[in-house]
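Written out below as C-alpha cells is the structure these notes cover.
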Amino acid sequence: MITPFGMIHIYVENRDNKYITNNFVQDTYTSLNINGIHIYDKQGVLVWVKTLNNSKK
C-alpha cells in the first residue's frame, strides 16, 4: 500500500496533475485548517504550490 507521502513522491517524479486534482480540493484545506500547500523536490526546487485566502471580513 502506498502512503499519502509516497503518493507525493510519485507526483514529484512524474508530475501527473491528476494527483493534484484528486487530492487538493477545497475540503483538503478546510479539514486541515491550512491555507496553502507547497511541494518541493529533493533539491529543494518548488514543484507545485497553491495558497488560498480564507480570511473572513
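No value in this document is a laboratory result; all are computed from the given coordinates. All of these numbers come straight from a predicted model, not from anything done at the bench. Reconstructed Cβ throughout: ideal geometry from the backbone, glycine too, with neighbour counts over all protein chains shown.
Summary of values
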read-out	value
Contact order relative to length of the chain, as percent, for alpha carbon pairs under 8 angstrom and 6 or more apart	23 percent
Value of [θ]222 nm, deg cm²/dmol, for the chain, DSSP H segments ≥ 4, -39500 (n - 2.57) each, nearest 500	-12000 deg cm²/dmol
Distance (nanometres) between label positions extended 7 Å along Cα→Cβ at Trp48 and Ile2	1.2 nm
Coil-residue trypsin sites (Lys or Arg not before Pro) of the stretch 1-52, DSSP, other Cβ within 10 Å capped at 16	Arg15, Lys42
Fully extended contour minus Cα-Cα distance, from Ile10 to Asn33, at 0.36 nm per residue	5.8 nm
